[in-house]
Amino acid sequence: MIVEDDALVALGVRLTLSELGHDVVGIAASELEALAVAQAEKPQLALMDIRLRGASDGVQVAQRLWQEARVRCIFLSAYADDQTMARVAQTRPLGFVQKPYSAQQLKTALEQARNRLTEADGR
């Protein structure tokens, strides 16, 4: 699942994920859309931007996704200041990739997230 307010960026991420062999179950631009996709599709994880459409930011949405749907996030954002990173850390992120990033950086973050999820499941 991709949570990104910029439609062109979201489509680019979807294309990269497809090229890497991953399925995208939905794209959301706001908190309400993200929660609806998470409830309907049960994604393994979400790729989350910090800036989103609406009143809530990506950190707040990540907290709600975890609380309500047990979905964890990899953050994809240009915002990496100390205050933002401290807030991100409270969401139990699977990773953080600073924009702009390469397909290889995204691939590495996804592999690390898969390993962390597998370890958490005890597999």
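Remarks
- For the range 65-123, the pair-distance distribution built from all alpha carbon pairs, in bins 10 Å wide starting at 0, is 21, 49, 28, 2 percent.
- Of every Cα-Cα pair in the chain, the percent that sits beyond 24 Å: 17 percent
- One decimal place: the segment S56-Q98 gains 13.1 nm when fully extended, by the rule 0.36 nm per residue minus the C-alpha distance.
- Rounded if a/c under 1.5, otherwise prolate or oblate - the range 39-102, Cα gyration tensor axes: prolate
- Rel. contact order, % - alpha carbon contacts under 8 angstrom, at least six apart, the chain: 20 percent
- For the range 1-42: span of alpha carbons on each principal axis (Å, largest first): 27, 22, 6
Taken together, the values in this text are just the output of simple stated rules run on the coordinates, not laboratory data. Computed from a prediction, not measured in an experiment: that's the story for all the values here.
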